[in-house]
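Let me begin by presenting the structure, written as structure tokens, before commenting on it.
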Amino acid sequence: MDYDTDLWMKIPDSWEETPWKGPKQWGRYMAEAWWGDSDFEPSRRDLKGLAATLQASAEQFPRSHPGFDVYLHLPDPRFMPLPVYVAAIEADGDREESLRELVTTDDPALVEKPVVEDFTTEALGTGLRSLRYTQTEEDRTIVAGVRYAWRSEEAGCDVVVIVAAPDPRRVLGAMDDVDAFVGRISLTARSG
């Protein structure tokens with residue numbers, strides 16, 4: 001997938017074919033690169049802090065949605081990375097019902113009815129985007145989320161993008177970048 005590498009980084013699906021031995025080495029490398037490309041002069045503590053955060057992100061975020069690719073939105077090395085999960089899943093059932101279910105779900109933790117609207121990209125056509133708020137059971141933290149879904153009849157799959165964080169300002173502040181990011185998603189034809 002083509003994306004703006006000044007704003008986004010992809011967590012590797014596996015470490016086997018990468019130059020890194022695992023999340024710790026990747027986190028260190030990416031922290032140095034991110035701080036190096038910024039307009040800020042990091043302290044040793046800044047570098048170590050971001051490296052530890054990226055390592056933890058690489059270890060934990062993929063477990064939230066197994067089988068999804070995980071991208072981190074990080075426009076500033078001082079921010080908390082925002083995970084964005086992307087997957088193509090086998091299409092099943094009625095298009096409208098499936099897409100609505102993928103973006104809203106009957107989540108008992110929903111605080112209010114999600115805002116659902118059409119969202120169109122050049123490559124995927126018109127799908128749905130929802131803005132939703134849920135609340136954690138443990139400490140009643142409000143979690144903001146944005147979900148996108150499209151159906152590709154030709155590929156026989158639904159494309160799903162999930163964004164969520166316990167910091168609504170972080171999610172809402174990233175919406176333009178996330179919209180631009182998902183606007184670049186396309187499906188590639190797979191050979192037999």
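The values are calculated or read from the model by the stated rules, or taken from the named source; none is laboratory data. None of the values given here were measured: they were computed from a predicted structure. Quick reminder, even Gly has a Cβ in these numbers, built from the backbone with ideal geometry, and neighbours come from all protein chains shown.
Quick one: which of Phe79, Phe40 is within 24 Å of Ala180 (Cβ to Cβ) and in contact (Cβ under 8 Å) with a residue 60 or more places away in the chain?
The unique qualifying residue is Phe79.
Would you please name the residue that is farthest from Ser186 (Cα to Cα), looking only at residues in the range 100-133 that are of a type in the set (Gly, Ala, Ser) and crowded, with 19+ Cβ neighbours inside 10 Å? Walk me through it before giving the result.
Keep residues of the range 100-133 that are of a type in the set (Gly, Ala, Ser), which gives 109, 123, 125, 127, 130.
With the extra rule that they be crowded, with 19+ Cβ neighbours inside 10 Å, the set shrinks to 127, 130.
Details: Gly127: 13, Ser130: 20 Å.
Selected residue: Ser130.
Mind telling me which of the residues Gln60, Gln55 ends up being exposed (fewer than 14 other Cβ atoms within 10 Å of the Cβ), outside any loop (DSSP other than H, G, I, E, B) and not β-branched (Val, Ile, Thr)?
Testing whether each residue is exposed (fewer than 14 other Cβ atoms within 10 Å of the Cβ), outside any loop (DSSP other than H, G, I, E, B) and not β-branched (Val, Ile, Thr) leaves just Gln60.
Only residues in the range 161-186 that are assigned by TED's automatic domain parsing to the domain that holds Thr120 and over 14 Å from Pro114 (Cβ atoms) count as the first member; pair them with residues that are buried (at least 20 other Cβ atoms within 10 Å of the Cβ) and of a type in the set (D, E, K, R), Cβ under 7 angstrom, at least 6 apart or cross-chain, and list the lot.
Val161/Arg147
Sort out which residues of the range 7-35 are among the β-branched types (Val, Ile, Thr), within 28 Å of Asp176 (Cα to Cα) and more than 17 Å from the chain's Cα centre (by Cα), and write them in order of number.
Applying the first criterion (among the β-branched types (Val, Ile, Thr)) to the range 7-35 yields 11, 18.
After this cut, where a residue has to be within 28 Å of Asp176 (Cα to Cα) as well, the list is 11.
Across the range 7-35, there are no qualifying residues.
From the list Pro19, Pro75, Pro108, Pro66, pick out the single residue that is of a type outside the set (D, E, K, R), under 15 Å from Val163 (Cα atoms) and part of a loop (DSSP other than H, G, I, E, B). Break it down into steps so the answer makes sense when it comes.
Numbers: Pro19 fails: under 15 Å from Val163 (Cα atoms); Pro75 fails: under 15 Å from Val163 (Cα atoms); Pro108 fails: under 15 Å from Val163 (Cα atoms).
Within the list Pro19, Pro75, Pro108, Pro66, the selection yields Pro66.
Out of the residues in the range 126-158 meeting the condition of being part of a strand (DSSP E or B) and out of contact with any helix residue (DSSP H, G or I) (no Cβ under 9 Å at 6 or more places or on another chain), tell me which one is nearest to Leu102 (Cα to Cα).
Checking each candidate, the answer is Cys157.
Between Ser98, Ser57, which is out of contact with any Ser or Thr (no Cβ under 6 Å at 6 or more places or on another chain), of a type in the set (Ser, Thr, Tyr) and assigned by TED's automatic domain parsing to the domain that holds Trp26?
Only one candidate qualifies: Ser57.
When you look at Ser38, is it among the hydroxyl-bearing types (Ser, Thr, Tyr), within 16 Å of the chain's Cα centre (by Cα) and not assigned by TED's automatic domain parsing to the domain that holds Leu124, yes or no? Step through it out loud before you land on a result.
Details: among the hydroxyl-bearing types (Ser, Thr, Tyr): yes; within 16 Å of the chain's Cα centre (by Cα): no; not assigned by TED's automatic domain parsing to the domain that holds Leu124: yes.
When the stated conditions are applied, Ser38 does not pass them.
Being charged (D, E, K, R) and under 25 Å from Thr5 (Cα atoms) is the filter; apply it to the range 134-177 and report the residue that is surrounded by the most Cβ atoms within 10 Å (Cβ to Cβ). Before you say what the answer is, go through the steps one by one.
Of the residues in the range 134-177, the ones charged (D, E, K, R) are 137-140, 147, 151, 153-154, 158, 167, 169-170, 176-177.
Remaining after also requiring under 25 Å from Thr5 (Cα atoms): 147, 167, 169-170, 176-177.
On the way: Arg147: 22, Asp167: 15, Arg169: 9, Arg170: 16, Asp176: 9, Asp177: 17.
The qualifying residue surrounded by the most Cβ atoms within 10 Å (Cβ to Cβ) is Arg147.
Could you tell me how many of the residues in the range 68-108 are in contact with a strand residue (DSSP E or B) (Cβ under 7 Å, 6 or more places away or on another chain), of a type in the set (Asp, Glu) and closer than 24 Å to Gly156 by Cβ?
Residues flagged as in contact with a strand residue (DSSP E or B) (Cβ under 7 Å, 6 or more places away or on another chain), of a type in the set (Asp, Glu) and closer than 24 Å to Gly156 by Cβ within the range 68-108 amount to 2.
Evaluate the range 172-186: report whether one residue or more is at negative phi, of a type in the set (Val, Ile, Thr) and in a helix (DSSP H, G or I). Write out each step before concluding.
So the first thing to find is which residues in the range 172-186 are at negative phi, and the list is 172-186.
Narrowing the set further to residues that are of a type in the set (Val, Ile, Thr) leaves 178, 182, 185.
Restricting the remaining residues to those that are in a helix (DSSP H, G or I) gives 178, 182.
Yes, the conditions are met somewhere in the range 172-186.
From the list Arg190, Arg170, Arg151, Arg147, which one is more than 14 Å from the chain's Cα centre (by Cα), basic (Lys, Arg) and at pLDDT 95 or above?
Of Arg190, Arg170, Arg151, Arg147, the one residue that is more than 14 Å from the chain's Cα centre (by Cα), basic (Lys, Arg) and at pLDDT 95 or above is Arg151.
How about the range 78-105: which of its residues are assigned to a helix (DSSP H, G or I) and of a type in the set (D, E, K, R)? Please lay out each step first, then the result.
Of the residues in the range 78-105, the ones assigned to a helix (DSSP H, G or I) are 95-104.
Across the range 78-105, the qualifying residues are Arg95, Glu96, Glu97, Arg100, Glu101.
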